[in-house]
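See structure below.
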Amino acid sequence: MTAIQVENLTKRFNGFVAVDNISFSINSSEIFGLLGPNGAGKSTTMAMLSTMLKPTSGSASVNNFDILKNEDDVRKSIGIVFQDPSLDEELTAYENMDFHGRLYRVPKKIRQKNIIELLKLVELEKRKDNLVKTFSGGMRRRLEIARGLLHEPRVLFLDEPTLGLDSQTRNLLWEYIEKLSKEKGITIILTTHYMEEADRLCDRVAIIDQGKIIALDTPEKLKEGIGGDVITIKSPDCDRLYSKINTLPWVTYAEPHNGSVTISLQNAEKHVAEIVNLASGDGIAIDSISIHEPTLEDVFLHFTGRAIRDEKSSSKDHIRMMRSVRRR
């Protein structure tokens, strides 16, 4: 059964194309990832599907509700955890949950029952009466996820759910997200630029860059599509090294970037010595060589010719999106 259907969805901001004619579908109970760098169009896509933004063109439905014709029905059937903090720090965990439940008109008895159950799910039941301003970043994210589930949505949107968290807290949140999908059968769509997050959590991944979906499949099949092993060679003369390596018959793919050359091939260990001898014979220095199985980072590099960016500043499309939302 299909939970989300997207067809030719496009969003422009004063001539800037943030989302460019994308199409995909998400099955019920699936964890679906939108993977890409900041500014790729992930958050804008999420905003359109959650009815925060109107698309410039195209169509989409969530839980069989059209995002333009049935906005209220879409909103009632989804939960959202925003990229930016949205909790009231002067309220307790319980009060934040209760206020959210009242907004969604959840009956009192159901509301009280769900609050306790969800706080237990994210291991915050003992802190239910503590002010949110005393919570760590990880505790706040867990509370936001619990709050997004209070009205029992069928689809949960997670926009960069572990952004800015340390690796230990990130791993803990991943466990909660996996638990939600398995135990509650909720469809989850998440945006991320963390390769490991997409690889671990997602049943399928859509890699998005510059507003376009450039690849979509399971993480395993995306990595298998590159083929074989991956060798990364750092060299002060990587362009010349690339020109030599790219002509070798056993190299299936090669790409220079940021002072290194990435190569896809079969039986990497067998050919390392040949690469070193080739470089040495032409006087090309090699700083380091590493061999690994393909990752989603390699998939992104394969399709775009560059490594995924991890920009610290707010992306342009995110800024435009927030301005547009505020004007509504």
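For this structure, a couple of remarks:
- Yes/no for Glu196 being closer than 30 Å to Gly259 by Cα and acidic (Asp, Glu): yes
- Selection from the range 288-305 of residues that are in a loop (DSSP other than H, G, I, E, B) and either of a type in the set (S, T, N, Q) or surrounded by fewer than 16 Cβ atoms within 10 Å (Cβ to Cβ) (or both): Glu293, Thr295, Gly305
- Lys234 vs. criteria buried (at least 16 other Cβ atoms within 10 Å of the Cβ) and either of a type in the set (D, E, K, R) or at pLDDT 90 or above (or both): yes
- Those strands (runs of 3 or more DSSP E) lying entirely in the range 9-128 with at least 1 residues farther than 19 Å from Leu143 by Cα: 16-27, 31-35, 57-62
- Applying the condition of being of a type in the set (Asp, Glu) and closer than 30 Å to Phe13 by Cβ to the range 205-239 and asking which residue is nearest to the chain's Cα centre (by Cα) yields Asp209.
- Tally of residues being surrounded by 14 or more Cβ atoms within 10 Å (Cβ to Cβ) and on the phi > 0 side of the Ramachandran plot across the range 98-124: 0
- The range 272-287: number of residues that are over 22 Å from Ile226 (Cα atoms), part of a helix (DSSP H, G or I) and touching a residue at least 24 places away in the same chain (Cβ under 8 Å): 2
- Of the set (1) surrounded by fewer than 21 Cβ atoms within 10 Å (Cβ to Cβ); (2) in contact (Cβ under 8 Å) with a residue 40 or more places away in the chain, all apply to Trp250 but (2).
- For the residues Glu311, Glu269, the requirement of being exposed (fewer than 13 other Cβ atoms within 10 Å of the Cβ), at pLDDT below 90, assigned to a loop (DSSP other than H, G, I, E, B) and not hydrophobic (A, V, I, L, M, F, W, C) singles out Glu311.
- Contact map, the range 122-139: first residue in the same structural domain as Thr169 (by TED's automatic domain parsing), second residue surrounded by 12 or more Cβ atoms within 10 Å (Cβ to Cβ) and in a loop (DSSP other than H, G, I, E, B), Cβ cut-off under 6 Å, separation 6 or more or different chains; pairs are Val132/Leu87; Val132/Glu89; Lys133/Glu89; Gly137/Leu165; Gly138/Leu165.
- Residues being under 19 Å from Thr44 (Cα atoms) and in contact (Cβ under 8 Å) with a residue 24 or more places away in the chain - total across the range 69-121: 10
The values are calculated or read from the model by the stated rules, or taken from the named source; none is laboratory data. What you are looking at is a predicted structure, and each value in this text was computed from that prediction instead of being measured. Positions of Cβ are backbone-derived with ideal geometry, glycine not excepted, and every protein chain shown enters the neighbour counts.
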